[in-house]
Amino acid sequence: MRILVTGATGYIGGRLAPRLLERGHTVRAMTRDPARLRDVVWADQAEIVRADAREPDTLGPALRGVDVAYYLIHSIDGGGDFSTVDRQAATAFATACHDAGVRRVIYLGGLGPAQDAGGGGQALSAHLSSRHEVARILLDSGVPTLVLRAAVIIGSGSASFEMLRHLTERLPIMLTPRWVRTRIQPIAVRDVLHYLIGALEAPADAHGSFDLGGPDVLTYAEMMQRFAAVEGLRPRIILGVPMLSPGLSSLWVGVITPVPKAIARPLVRSLRTEVVVRDGGAVRTIIPDPPDGLMGFDAAAAHALSRVRERGVETRWSTAVWPARSGGHSATSPPGEPAPTDPQWSGGALFVDERDSDVAADPARLWAVIEGIGGENGWYSWPLAWSARGWLDTLVGGVGPRRGRRDPASVHVGEALDFWRVEEIEAGRLLRLRAEMKLPGEAWLELRALPGDTPGTALYRQRAVFRPHGLNGQLYWWAVSPFHAIVFGGMARNIVRAAEHLAAADDEHSGVAPALHRGSTV
């Protein structure tokens with residue numbers, strides 16, 4: 001089949017597309033920014049199309065000749081009217097699928113009570129209500145539609161799993177709100193992908209919503225205790241606090257885990273609703289279970305942990321989520337302003353801290369250090385300053401310092417690195433990061449590995465660029481500039497030392513060696 005995968009840069013879409021390709025299908029990956037798929041290993045096997053469900057005129061070409069379309073688009077509650085964005089996008093997509101003659105739409109939505117439209121059931125969070133509204137729009141499109149509804153997805157790199165993991169690992173004693181006693185039916189990401197792919201072979205007249213869930217029904221507190229057992233931790237002490245609001249809970253989650261408050265908020269609010277399979281497993285009437293059965297919670301958690309430890313995380317929630325920025329972009333929009341080297345910048349205020357250093361190591365060794373920066377490998381500079389800036393960002397509602405990185409040795413465009421985003425890579429030569437912490441302006445960090453004057457040497461060029469927004473931005477730059485010699489100067493010196501250490505050690509496996517300088521100081 002020719003299959004359109006929307007959300008191809010997202011957590012589920014990024015795993016679904018290569019599996020469809022493995023099965024011989026023609027995959028058309030839809031994204032707002034094709035550059036974000038440029039470095040993905042399966043991208044050269046797929047058709048990459050630039051389209052946006054919020055721009056109806058772009059959908060016709062994307063859907064032309066498509067047999068089946070996967071709708072894997074969700075907005076993030078970053079404080080704006082995300083439900084309106086979801087409604088408009090789903091309506092445009094449903095209309096475009098009908099007009100293009102698509103034979104089937106498959107949507108991964110949120111599990112929750114069926115009677116969510118004023119029928120007297122449990123009150124849903126705005127997050128779940130929007131997911132259910134999208135499902136109704138697609139079901140009413142006139143195109144046969146399968147809505148697969150899942151609750152908490154357990155898999156390496158998912159926001160739900162990272163939230164659960166970090167809360168359990170870091171808090172042996174917890175004061176918890178009432179939502180940790182709500183019943184949940186989690187499901188392994190492996191099984192979600194099985195049903196999504198199996199939906200392609202469902203009967204032609206199959207149409208409707210079907211609940212997905214694993215074999216275990218647990219409270220969130222039970223999930224934390226069982227996760228602790230899987231990881232070999234002592235049982236957690238969990239004490240209930242009835243007055244802890246979702247807002248305070250999401251702030252607490254944002255401080256303890258890599259998931260920032262803006263993303264934690266809709267997750268936490270959704271956890272107040274009991275989410276268990278209520279249709280008796282009707283999905284089995286159209287899609288058989290996996291041959292070896294559904295994966296239980298303990299097995300799913302153990303498998304996800306092994307993928308993290310083996311550095312085998314395929315996709316991560318932070319790659320799909322683009323925080324709201326000061327230029328008015330929505331929480332799911334990729335950066336749209338020009339790079340700091342573009343000519344149109346010449347007319348505006350632009351502050352630059354630039355440093356060059358000679359390196360007694362070849363450019364490949366230097367690049368190995370550059371590409372491994374961030375996450376567990378650190379930032380080769382004053383750790384206290386980086387941590388303090390990150391925690392300050394967390395307190396004001398930013399992404400904070402805990403997002404880390406998907407892989408310790410390699411990155412691709414669009415991935416998150418702590419509170420930065422990879423905006424550009426020229427392999428072996430340039431890594432450009434765009435800041436996503438809350439700032440009165442726009443900031444970039446460029447790291448370059450260039451050939452040196454003599455064979456076997458390199459030139460390290462580091463450039464921090466800041467474009468202020470108004471007077472506050474200019475005051476901010478001048479307030480922090482006294483620390484640049486320590487922070488940026490120390491970074492340049494320690495990156496050079498790390499590259500020279502690799503050269504001196506003559507380590508053939510230098511791609512992972514930046515970890516040797518984890519936590520370097522000035």
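The values are calculated or read from the model by the stated rules, or taken from the named source; none is laboratory data. Predicted model only: the values in this text are computed from it and were never measured. Using ideal geometry, Cβ is built from the backbone for each residue, glycine included, and neighbour counts are taken over all protein chains shown. Areas reflect the complete protein model, heavy atoms only, side chains present, ligands, DNA and RNA absent. Shrake-Rupley method; radii C 1.70, N 1.55, O 1.52, S 1.80 Å.
Do you know which residues across the range 392-421 are touching a strand residue (DSSP E or B) at 6+ places or on another chain (Cβ under 9 Å) and on the phi > 0 side of the Ramachandran plot? Quick ask: steps written out before the conclusion?
Of the range 392-421, the ones touching a strand residue (DSSP E or B) at 6+ places or on another chain (Cβ under 9 Å) are 399, 403-406, 411-417, 419-421.
Gly404, Gly414, listed by residue number.
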Practice task
Only residues in the range 289-314 that are in a loop (DSSP other than H, G, I, E, B) count as the first member; pair them with residues that are open to solvent by 40 Å² or more (accessible area, probe 1.4 Å) and modelled with pLDDT under 95, Cβ under 7 angstrom, at least 6 apart or cross-chain, and list the lot.
Solution key: Val313/Arg307; Val313/Arg406
Practice task
Identify, from the list Ala229, Ala221, Ala188, Ala262, the residue that is among the hydrophobic types (A, V, I, L, M, F, W, C) and without any contact (Cβ under 8 Å) to a residue 60 or more places away in the chain.
Solution key: Ala221
Fill in the blank from the handout: Exception for Val147 within (1) modelled with pLDDT of 95 or more; (2) farther than 30 Å from Val313 by Cβ falls at (2)
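Which ones in the range 274-288 are assigned to a loop (DSSP other than H, G, I, E, B) and in contact with a strand residue (DSSP E or B) (Cβ under 9 Å, 6 or more places away or on another chain)? Before you say what the answer is, go through the steps one by one.
Residues of the range 274-288 that are assigned to a loop (DSSP other than H, G, I, E, B), as a first pass: 274, 276-281, 286-288.
Selection gives Glu274, Val276, Val277, Arg278, Asp279, Gly280, Gly281, Ile286, Ile287.
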Completion exercise
(1) under 17 Å from Leu138 (Cα atoms); (2) surrounded by 15 or more Cβ atoms within 10 Å (Cβ to Cβ); (3) at pLDDT below 95 all hold for Thr95 apart from (3)
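Each row is one residue, and each column tells you yes or no for (1) out of contact with any Pro (no Cβ under 9 Å at 6 or more places or on another chain); (2) within 23 Å of Ala8 (Cα to Cα); (3) assigned to a helix (DSSP H, G or I).
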| site | (1), (2), (3) |
| --- | --- |
| Leu193 | yes, yes, yes |
| Gly198 | no, yes, yes |
| Asp205 | no, no, no |
| Gly213 | no, no, no |
| Asp216 | no, no, no |
| Glu222 | yes, no, yes |
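Inspect the range 35-44 for any residue being of a type outside the set (A, V, I, L, M, F, W, C) and not in a loop (DSSP other than H, G, I, E, B) and give the result as yes or no. Before the answer, list the steps.
Residues of the range 35-44 that are of a type outside the set (A, V, I, L, M, F, W, C), as a first pass: 36, 38-39, 44.
If we keep only those that are not in a loop (DSSP other than H, G, I, E, B) as well, we get 36, 44.
There is at least one residue in the range 35-44 that is of a type outside the set (A, V, I, L, M, F, W, C) and not in a loop (DSSP other than H, G, I, E, B).
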Handout entry: Subset of the range 135-180 [open to solvent by 10 Å² or more (accessible area, probe 1.4 Å), within 21 Å of Asp67 (Cβ to Cβ) and of a type in the set (S, T, N, Q)]
Key = Ser141
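Is it fair to say Arg50 is open to solvent by 30 Å² or more (accessible area, probe 1.4 Å) and at negative phi? Quick ask: steps written out before the conclusion?
Details: open to solvent by 30 Å² or more (accessible area, probe 1.4 Å): yes; at negative phi: yes.
Judged against the criteria, Arg50 is a match.
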Practice task
Check whether at least one residue in the range 81-91 is surrounded by fewer than 23 Cβ atoms within 10 Å (Cβ to Cβ) and not in a helix (DSSP H, G or I), and report yes or no.
Solution key: yes
Practice task
Scan the range 56-76 residue by residue and report those that are in contact (Cβ under 8 Å) with a residue 60 or more places away in the chain and in contact with a Leu (Cβ under 7 Å, 6 or more places away or on another chain).
Solution key: Val66, Val68, Ala69, Tyr70, Tyr71, Leu72
Practice task
May I ask you to list the residues in the range 440-480 that are open to solvent by 10 Å² or more (accessible area, probe 1.4 Å), more than 24 Å from Ile373 (Cβ to Cβ) and not in a strand (DSSP E or B)?
Solution key: Pro440, Asp453, Thr454, Pro455, His469, Gly470, Leu471, Asn472, Gln474, Leu475, Trp478, Ala479
Practice task
Search the range 224-262 for residues being among the hydroxyl-bearing types (Ser, Thr, Tyr) and outside any helix (DSSP H, G or I), and hand back the single one that is farthest from the chain's Cα centre (by Cα).
Solution key: Ser245
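Take the conditions open to solvent by 30 Å² or more (accessible area, probe 1.4 Å), more than 25 Å from the chain's Cα centre (by Cα) and at positive phi and apply them to Gly280. Does it pass? Talk me through it step by step, then tell me what you get.
Numbers: open to solvent by 30 Å² or more (accessible area, probe 1.4 Å): yes; more than 25 Å from the chain's Cα centre (by Cα): yes; at positive phi: yes.
In short, yes.
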Exercise for the section: Please enumerate the residues belonging to the range 11-26 that are open to solvent by 10 Å² or more (accessible area, probe 1.4 Å) and either part of a loop (DSSP other than H, G, I, E, B) or within 20 Å of Ala96 (Cβ to Cβ) (or both). Expected result: Tyr11, Ile12, Arg23, Gly24, His25, Thr26
Exercise for the section: Would you point out the residue of the range 224-243, among those that are within 25 Å of Asp191 (Cβ to Cβ) and touching a Pro at 6+ places or on another chain (Cβ under 7 Å), that is least open to solvent (accessible area, probe 1.4 Å)? Expected result: Ala228
Completion exercise
For Tyr70, the lone unmet condition from (1) of a type outside the set (Asp, Glu); (2) outside any strand (DSSP E or B); (3) surrounded by 22 or more Cβ atoms within 10 Å (Cβ to Cβ); (4) modelled with pLDDT of 95 or more is (2)
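Residue by residue through the range 351-375, note down the ones that are of a type in the set (Val, Ile, Thr) and open to solvent by less than 30 Å² (accessible area, probe 1.4 Å). Write out each step before concluding.
Of the residues in the range 351-375, the ones of a type in the set (Val, Ile, Thr) are 352, 359, 369-370, 373.
Matches in the range 351-375: Val359, Val369, Ile370, Ile373.
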Practice task
Considering every residue within the range 27-41, establish whether at least one is open to solvent by 40 Å² or more (accessible area, probe 1.4 Å), out of contact with any helix residue (DSSP H, G or I) (no Cβ under 8 Å at 6 or more places or on another chain) and without any contact (Cβ under 8 Å) to a residue 40 or more places away in the chain.
Solution key: yes
Completion exercise
Every listed condition ((1) touching a His at 6+ places or on another chain (Cβ under 8 Å); (2) assigned to a loop (DSSP other than H, G, I, E, B); (3) open to solvent by less than 30 Å² (accessible area, probe 1.4 Å)) holds for Ile425 save (2)
